[in-house]
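So the structure is just underneath, and the comments pick up after that.
The values are calculated or read from the model by the stated rules, or taken from the named source; none is laboratory data. This is a predicted model, so every value here is computed, not measured. Don't worry about glycine lacking a Cβ; one is built from the backbone with ideal geometry, like all the others, and counts go over all protein chains shown. Protein only, heavy atoms only, side chains kept; ligands, DNA and RNA dropped before computing areas. Shrake-Rupley method; radii C 1.70, N 1.55, O 1.52, S 1.80 Å.
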Amino acid sequence: DQQVKQNSPSLSVQEGRISILNCDYTNSMFDYFLWYKKYPAEGPTFLISISSIKDKNEDGRFTVFLNKSAKHLSLHIVPSQPGDSAVYFCAASPSGGGADGLTFGKGTHLIIQP
Amino acid sequence: AAGVIQSPRHLIKEKRETATLKCYPIPRHDTVYWYQQGPGQDPQFLISFYEKMQSDKGSIPDRFSAQQFSDYHSELNMSSLELGDSALYFCASRPRASYNEQFFGPGTRLTVL
């Protein structure tokens, strides 16, 4: 049973435009959400996170939106750059503190076209 | 900036052998996590340690064990290896007294023949 779902295995976006990656979750106990970027043969790189008490968090070109009632979050990348081409994982945790393991989605492969 | 160090980066073992993976967290990070990523899969949480004590447990097989040492490095011990254990094993660490933002190492690719 996949508790964190990324329903788009891949997404193609033109350079300079906005990339929107979506994520849904089913477990109501999840309280903290993160996005990671991953290149082949490398470990995931932390991008941005959001606590369930917020509905938006912004860091440079990256913004994460959380709709807790819909159990949905999205990552917006503006403007998209060629170096953004990678697999993006959504992850969730029962709390912001503690040493809880993360539950990951299956990832979305973002391709930025020139 | 210092990153999480994992060794070895690649490991080839035969079925029924044992393997030990090592993880050195970022300095001043006190929490370590282990994940397993199979081919085409998402990372699966195995186990975590906070201040040298086991903290959270995921889908870690009974054949695997892990510990965190006084210098905060961690080792994942895997016995009676099976073909299905072939995967990328990631270690992650988290800064002291921070939110659950985990920083991942480059991974160890284990191949069981």
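So what is the accessible area of chain B per residue, in Å², with the probe set to 1.4 Å?
On the way: 5480 Å² over 113 residues.
Roughly 48 Å² per residue, with all protein chains present.
If you wrap the protein assembly as shown's Cα atoms in a convex hull and average its projection over all directions, what's the area in nm²?
12.3 nm²
On average, how much area does the Cα convex hull of segment A:3-76 cover when viewed from any direction, in nm²?
Details: hull surface 22.5 nm².
Averaged projected area of segment A:3-76's Cα convex hull equals 5.6 nm².
For segment A:20-84, with only Lys/Arg (+1) and Asp/Glu (-1) charged at the beta-carbon, what is the dipole magnitude about the Cα centre, in debye rounded to 20?
80 debye
Please list the equivalent ellipsoid semi-axes of segment B:62-110, computed as the square roots of five times the alpha-carbon gyration tensor eigenvalues, in descending order and whole angstrom.
24, 14, 9
Put one equal scatterer on each alpha carbon of segment B:31-112, apply the Debye formula with no solvent term, and list log10 I(q)/I(0) at q = 0.11, 0.16, 0.23, 0.25 1/Å to two decimals.
Each listed q maps to, in turn, -0.28, -0.58, -1.17, -1.35.
In the protein assembly as shown, what percent of the accessible surface is made up of carbon and sulfur (1.4 Å probe, ligands and nucleic acids excluded)?
Carbon and sulfur atoms account for 50 percent of the accessible area of the protein assembly as shown.
Using the crude model of +1 on Lys and Arg Cβ and -1 on Asp and Glu Cβ, and no other charge, please compute the dipole size for segment B:1-95 relative to its Cα centre, in debye to 20.
Using Cβ point charges on Lys, Arg, Asp and Glu, segment B:1-95 gives about 140 debye.
Check cross-link reach from A:K106 to the lysines: straight Cα distance under 30 Å, and skip same-chain residues fewer than eight apart.
The qualifying lysines are A:K5, A:K37, A:K38, A:K54, A:K56, A:K68, A:K71, B:K13, B:K15, B:K22, B:K57.
Just name one of B:Q36, B:I47, B:I5: the one whose Cα is farthest towards the positive end of the charge dipole of segment B:5-52 (beta-carbon charges, Lys/Arg +1, Asp/Glu -1).
Going by the charge dipole, the pick is B:I5.
Output the Kirkwood hydrodynamic radius of segment A:16-59, Cα pairs only, in Å rounded to one decimal.
Here the Kirkwood hydrodynamic radius works out to 12.6 Å.
Over both sides of the A-B contact, add up the buried accessible area with a 1.4 Å probe and give it to the nearest 100 Å². All intermediate terms of the calculation are to be shown ahead of the outcome.
Numbers: alone 6180 and 6310 Å², together 10770 Å².
Approximately 1700 Å² gets buried when A meets B.
Sticking to Cα atoms, compute the Rg of segment B:1-71 to one decimal and its Dmax as the biggest Cα-Cα distance, whole number, in Å.
Cα only, segment B:1-71: 13.1, 39 Å (Rg, Dmax).
What is the distance, in nm, between label points placed 7 Å from the Cα along the Cα-to-Cβ direction at B:L11 and at A:T45?
Here the answer is 2.7 nm between the modelled labels.
Step through the residues of segment A:67-77 one at a time and calculate ³J(HN,Hα) from phi using the Karplus curve (6.51 cos²θ - 1.76 cosθ + 1.60, θ = phi - 60°), rounding each to whole Hz and writing x for Gly and Pro.
10, 5, 5, 8, 6, 9, 9, 9, 10, 10, 10
Does any residue of segment B:35-60 lose at least 50 Å² of accessible area with all protein chains in place compared with its chain alone, and if so which ones (probe 1.4 Å)?
B:D42, B:P43
With point charges of +1 on the Cβ of Lys and Arg and -1 on the Cβ of Asp and Glu, referenced to the Cα centre of chain A, which listed residue (A:N57, A:Q14, A:P82) lies farthest in the positive direction of the dipole?
Among A:N57, A:Q14, A:P82, the one farthest towards the positive end of the dipole of chain A is A:Q14.
If you place +1 on the Cβ of every Lys and Arg and -1 on the Cβ of every Asp and Glu, how big does the dipole about the Cα centre of chain A come out, in debye to the nearest 20?
Working: 10 positive and 10 negative charges, 32 e Å.
With only Lys, Arg, Asp and Glu charged at Cβ, the dipole is about 160 debye.
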